[in-house]
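Step one of this worksheet: look at the structure below.
Since every read-out is calculated from the coordinates, none of them should be taken as a lab result. Quantities reported herein were computed from a predicted structural model and do not represent experimental measurements. Note: ideal-geometry Cβ built from the backbone for every residue, glycine included; neighbour counts use all protein chains shown.
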Amino acid sequence: MSDAPAAPSRLLRIAAPALVAVAALGLWQGLVVAWDVPAYLVPSPLTVARTLVADRVLLLDSLAVTLSIALTALAIAIVAGTLIALLFVQSRWIEMSLFPYAVLLQVTPIVAIAPLIIIWVDDTRTALVLCAVVVAIFPIISNTTLGLRSVDPGLLDLFRTCRASRLDVLLRLRIPGALPYFFGGLRIASGLALIGAVVAEFVAGTGGQGAGLAYQILLAGIQLNIPRLFAALVLITLAGVVLFAATVWMSRLALGRWHESELEPGD
């Protein structure tokens, strides 16, 4: 009986946003047609869809370039951010000494430091990846550090009473308890990695074969090819949604059987 409410809940979770999207697209299409808005100002959804189909090879190739940069940056941010968080939890002095510099990276606009990174690093792709890492790494560091610190004091006392080593406390208590925080940071970092990759491509202005979606947006804007610009924006948005959905799926896979944040009502 507990499964009965869960199915409508899952269906509603998909149907409600889909209905909003259909209504928004219908309103957009209706307003563009009713007001006879030219495509070089605001193209209709149908025009954008036709452009996506017509320019699919060019746009998908560019999307693959941008995604490869974003995913590489996200992987580096996960590894580096987790290791830094593990370092921070070993000593309050280390955390107090180094955490402000992680905050400094977060609050510094990437558009301000991206030109320096691109100048200092000879390989353009490596520079773009580093820019995206700078944007994406802070949520991993901050959330994972918070999770590693947020252990149950009673359980920590129990481990100490049982004379557990520091490694045992880390592996059996702190890391499992930090997983929900880590996946929360991962959801944020996945979108930031994509944003960082696009912004870095804008700053670098790389073009030609192997250019990312940011270059296609710049070129479409210069050429007043607004339907292609919108089509590229749609692909970036969809890529961000897919990345977020993938992190949600991984979180449910890791936490779904035991942590309350992923349990359905009635489980």
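Some notes on this structure:
- Cα gyration tensor shape for segment 9-75, rounded if a/c is under 1.5, else prolate or oblate: oblate
- Longest segment of the chain lacking chymotrypsin sites (Phe, Trp or Tyr not before Pro) that sit in a DSSP loop with at most 13 other Cβ atoms within 10 Å: 41-257
- Sites matching trypsin sites (Lys or Arg not before Pro) across segment 157-201 that sit in DSSP coil, with at most 12 neighbouring C-beta atoms within 10 Å: Arg163
- Label-to-label distance, nm, for residues given as Ser165 and Leu25 (7 Å Cα→Cβ offset): 5.7 nm
- Total charge dipole magnitude, the chain, about the Cα centre, Cβ charges on Lys, Arg, Asp, Glu only, Debye to nearest 20: 400 debye
- Per-q log10 I(q)/I(0), segment 105-174, q = 0.15, 0.20, 0.24, 0.28 Å⁻¹ (Debye; single scatterer per alpha-carbon; no solvent): -0.63, -0.79, -0.99, -1.16
- Part-to-part distance (alpha-carbon centres) for segment 44-68 and segment 209-233, which is given in Å: 9 Å
- Extreme residue, positive dipole direction of segment 1-159, given options Val107, Val42, Ile119 (C-beta unit charges): Val42
- Segment Ala64..Leu233, full-extension length gain: 59.4 nm, with 0.36 nm per residue of separation and the alpha-carbon distance subtracted.
- Pair Met96, Leu158: separation of 7 Å Cα→Cβ label points (nm): 3.1 nm
- In nm, spacing of pseudo-spin labels at Ala39 and Asp122 (7 Å Cα→C-beta vector): 4.5 nm
- Among Ile140, Val234, Phe88 - extreme Cα towards positive end, dipole of the chain, charges at beta-carbon: Phe88
- Size of electric dipole in segment 47-183: Cβ of Lys, Arg +1 and of Asp, Glu -1, about Cα centre, debye, nearest 20: 420 debye
- The alpha carbons of the chain occupy a box of 74, 60, 27 Å along the principal axes, longest dimension given first.
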